[in-house]
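J.: Sharing a structure, written as structure tokens. Questions coming.
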Amino acid sequence: MKILEKTVVYLIKNQPNQQIGILRLAKYLFLADYLYAKTFGNGETFTGAYTRYQKGPVPARFYDVLTELKTEGIVNRVGNTILITQKNISMPALPEKEKACLDKVLNDFAQRPLNKVIDAAYSTEPMKELLEAENSLGEILLWKNIEFSKTQKHALLQNDDLDTKFLDSEEYKQSLKDE
């Protein structure tokens with residue numbers, strides 16, 4: 001399995017009843033990639049390129065990956081919900097930095113309504129830049145690639161050897177619940 005496939009399975013397996021709405025899944029992927037670009041710099045995502053769809057940013061290979069995972073019998077799509085069908089599939093191994101970004105998104109947005117997740121995605125630099133271009137043209141730029149290259153590393157995170165182990169600590173997890 002490639003990183004995008006692993007990431008999709010990881011996110012679904014970490015949901016109640018191992019199922020997630022397709023729009024929420026796409027936004028979780030985008031927010032995790034944004035966090036990765038913001039935290040580790042270089043304007044790079046870990047799951048690949050993003051495209052502007054009607055309802056916002058979606059990984060360019062998103063629907064191909066869902067089809068592949070369905071063909072392999074790992075997931076199924078029922079309406080707008082994606083669910084794990086292969087219940088005995090193990091949790092995919094992910095690199096530490098990528099997993100930390102995914103876990104942060106899961107922790108931050110698990111109990112929030114979908115509109116808050118969408119608002120968060122639209123408040124990122126890549127989407128603000130695209131929305132500005134759309135506003136100046138007066139149209140939605142469907143299928144346009146979304147650029148992460150101008151995403152600036154957070155000023156407090158200039159050290160490339162950032163220790164992300166704190167994301168697994170009970171203290172950090174409890175602080176998210178207290179918000």
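J.: Rounded to a whole number, what is D in µm²/s for segment 3-178 from Stokes-Einstein with the Kirkwood radius over alpha-carbon pairs (10 °C, 1.306 mPa s)?
T.: 94 µm²/s
J.: Exceeding 24 Å between C-alpha atoms, which entries from my cross-link table qualify? They are LYS2/LYS70; LYS27/LYS104; LYS38/LYS104; LYS55/LYS128; LYS13/LYS104; LYS104/LYS144. Could you put the intermediate results ahead of the total?
T.: Values: LYS2/LYS70 15 Å; LYS27/LYS104 13 Å; LYS38/LYS104 13 Å; LYS55/LYS128 14 Å; LYS13/LYS104 15 Å; LYS104/LYS144 27 Å.
Long pairs (Cα-Cα over 24 Å): LYS104/LYS144.
J.: Something else: Starting at the first residue of segment 74-84, write each ³J(HN,Hα) from the Karplus equation 6.51 cos²θ - 1.76 cosθ + 1.60 with θ = phi - 60°, in whole Hz, x for Gly and Pro.
T.: Using θ = phi - 60°, the values come out as 8, 10, 9, 10, 10, x, 9, 10, 10, 9, 6 Hz.
J.: Return the single residue from ASN88, ASN80, ASN42 with maximal mean-square fluctuation; model: Gaussian network over the chain, springs between Cα atoms under 10 Å.
T.: Evaluated over the chain, the most mobile residue of the options is ASN88.
J.: Also, quick follow-up: Per-residue ellipticity at 222 nm for the chain, helices alone: DSSP H runs ≥ 4 residues times -39500 (n - 2.57), over residue total, nearest 500 deg cm²/dmol? If you can, show how the numbers build up before the last one.
T.: Values: 7 runs with 85 residues, N = 179.
That comes out to -15000 deg cm²/dmol.
J.: Right, next: Taking H as built 1.01 Å from N, whose amide H comes closer than 5 Å to the amide H of THR51, not counting residues under 5 places away?
T.: Under 5 Å from the amide H of THR51: VAL58, ALA60, ILE146.
J.: Got the relative contact order for the chain handy, in percent, Cα pairs under 8 Å and 6 or more residues apart? Before the final figure, lay out the partial values.
T.: On the way: 222 pairs, mean separation 55.7, N = 179.
Contact order relative to length: 31 percent.
J.: Okay, next question. Of LYS87, LYS144, how do they rank once you tally other Cβ atoms within 10 Å and put the fewest first?
T.: Fewest-to-most ranking of LYS87, LYS144: LYS87, LYS144.
The numbers here are math on the coordinates, done by the rules we state, and not lab data. Note that this is a predicted model, so its numbers are computed, not measured. FYI the Cβ positions are ideal-geometry reconstructions off the backbone, even for glycines, and counts take in every protein chain you see.
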